[in-house]
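The values are calculated or read from the model by the stated rules, or taken from the named source; none is laboratory data. Everything quoted here is computed from the prediction, not taken from an experiment. Every residue, glycine as well, gets a Cβ built from its backbone with ideal geometry; the counts of neighbours run over all protein chains shown.
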Amino acid sequence: MSNSGIDLRTFVPADEVRGRGRAQRQRVPVTARDRAATWATRPSVLDFIEASNAGRLAHLVPLRIGRMLASPFTFYRGAAGLMAADLAGSPDSGLPAQICGDAHAANFGLYGTPRGEIIMDINDFDETVVGPWEWDLERLAASLVLAGREGGADEDNCYRAARDAATSYRLAITGAAQLPFMDSWSALPDESVISTARADALLDDFKKAAKKARKNNSAKVVAKWTEHLEDHETGIRKHRFVSDPPILTHVEDKVAEAVIDGLQRYTETLPESRQNLITRFAVSDIAFRIVGTGSVGMHSYVALLHGNEGEALVLQVKQANPSALAPFLPGAKTRHEGERIVQGARLVQSESDILLGWTSLELPTGELPFIVRQFRNLKGDIDPAELPQSDLDDYGRLAGALLARAHSRSLDPRLVAGYLDGDDRFDDAVARFAVRYADRTEADHTELVAAVHAGKVVAEQPQ
């Protein structure tokens, strides 16, 4: 008899699973989402900033602050931990999922599948952890309000976008609950998801972003960031990065060697067939590259590899910090932060990067965990802050549907469908909280701006 704990002899009927979800409504009604924006034990803005800078490269911290100053939405994008402190005091349905942890509207993007198809999905898992699915949805909804305000949308459109995200989530999770398991699991979020989510106004945006994404690959990086070298003895064509401070800079030889050593260990975290693929390449160069807003100040490298007949492959080797949500979710422990991120992405995404893995680097400052992935994997995006206000609610519906699909990989959608039970009061409750939390974020951003002006915090304007 198997000791795995898995039972393949007993089937639980859909009505029974839905009933379990409905039972949770008695404990936490869907209207509980309409509540205060903050929790009494949240840290001050400056205390949060100081704590979140711990362990970062000190000379890059002012750049991180500068990026967070740009707008309330960019502040929000670097403050997942602050929102987690607020969400920790709120009621939830008691139905945990593998959540993104930072499901704001700009963390949904386009990328390529191994077969070259362009899909749209959650694309950032630095904060992924098992937690309440509501946290992801509320972070998405509040981000839509902030993105809309940044783009000049009026309050009605911002509210509608947040509400439509919740409605779309509810409808999509209900739809997934009615599908054959194999169909719901294997459905790809390609162009067809736009019509399914009733987001047809975004079809042209998706097509334009997909066209641009198809050109966003390692070859483009090589053409833009490198210079050509040729080994006349072997005839092998190589490239090396051209420094472009502060974004892209060369590293010392001992750091480069540590990165290469880490890459060799990383191959062991790939499926065997992909180990056979990656070991056909060899490293040409290593450089340090600044990325994102929340990740500024962490160790992040790009590795340039050469392959067959002048082929180039660029990998990103990015430091994996503990999830900002972990302190607020008891039991959220992990043996390796890079493994946590990779396993979360593999579980949640419909298709993950075939070269996604993890490793540790033995740097001069000590050993640190990292993830490794393709740096440019046909990536693209639709910027919610640049959409016409009439299209913001379409984006909300699209992102809400994508989030529901993502959650249904780890949480039986029949449970959530039972809990929501077609109750549209849930949609308004999420939207009202989203507006309230956007207001709170604007106040937090104003406090950071004032601290910078007063000389309490140092900021460097992004170039």
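Residues in the range 289-319 that are assigned to a helix (DSSP H, G or I) and either of a type in the set (Gly, Ala, Ser) or under 23 Å from residue 363 (Cα atoms) (or both): 310 alone.
For every residue, the table says whether it meets (1) in contact with a Ser or Thr (Cβ under 8 Å, 6 or more places away or on another chain); (2) without any contact (Cβ under 8 Å) to a residue 24 or more places away in the chain; (3) over 24 Å from residue 130 (Cβ atoms).
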residue	(1), (2), (3)
422	yes, no, yes
426	yes, no, no
436	no, no, yes
439	no, no, yes
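Quick one: how many residues across the range 80-107 are part of a loop (DSSP other than H, G, I, E, B) and touching a helix residue (DSSP H, G or I) at 6+ places or on another chain (Cβ under 7 Å)?
Quick first cut of the range 80-107, residues part of a loop (DSSP other than H, G, I, E, B) only: 88-95, 100-104.
If we keep only those that are touching a helix residue (DSSP H, G or I) at 6+ places or on another chain (Cβ under 7 Å) as well, we get 88, 91-95, 100-104.
Residues meeting the conditions: 11.
Look at (1) surrounded by 16 or more Cβ atoms within 10 Å (Cβ to Cβ); (2) in a loop (DSSP other than H, G, I, E, B) and you find that residue 392 fails only one, number (2).
Does residue 416 meet the test of being touching a His at 6+ places or on another chain (Cβ under 8 Å) and either farther than 30 Å from residue 203 by Cβ or surrounded by 24 or more Cβ atoms within 10 Å (Cβ to Cβ) (or both)? In short, yes.
Reported count of residues in the range 214-236, each being at pLDDT 70 or above and of a type in the set (Ser, Thr, Tyr), is 2. Only one of these is within 25 Å of residue 26 (Cα to Cα) and out of contact with any helix residue (DSSP H, G or I) (no Cβ under 6 Å at 6 or more places or on another chain): 424, 439, 383. Name it. None of the others qualify; the one that does is 424.
Apart from one condition, residue 350 fits all of (1) touching a Lys or Arg at 6+ places or on another chain (Cβ under 8 Å); (2) outside the structural domain of residue 161 (by TED's automatic domain parsing); (3) in a helix (DSSP H, G or I); the exception is (3).
Could you say whether any residue in the range 266-284 is on the phi < 0 side of the Ramachandran plot, under 19 Å from the mean Cα position of the chain (by Cα), buried (at least 20 other Cβ atoms within 10 Å of the Cβ) and among the hydrophobic types (A, V, I, L, M, F, W, C)? No: the range 266-284 contains no residue that is on the phi < 0 side of the Ramachandran plot, under 19 Å from the mean Cα position of the chain (by Cα), buried (at least 20 other Cβ atoms within 10 Å of the Cβ) and among the hydrophobic types (A, V, I, L, M, F, W, C). Taken as a whole, the structure leaves residue 173 outside the set of residues that are touching a residue at least 24 places away in the same chain (Cβ under 8 Å) and in contact with a Gly (Cβ under 9 Å, 6 or more places away or on another chain). Inspect all residues belonging to the range 314-323 and state whether any of them is at pLDDT 95 or above, of a type in the set (A, V, I, L, M, F, W, C), in contact with a Gly (Cβ under 6 Å, 6 or more places away or on another chain) and farther than 21 Å from residue 224 by Cα. So far as the range 314-323 goes, yes, one or more of its residues are at pLDDT 95 or above, of a type in the set (A, V, I, L, M, F, W, C), in contact with a Gly (Cβ under 6 Å, 6 or more places away or on another chain) and farther than 21 Å from residue 224 by Cα.
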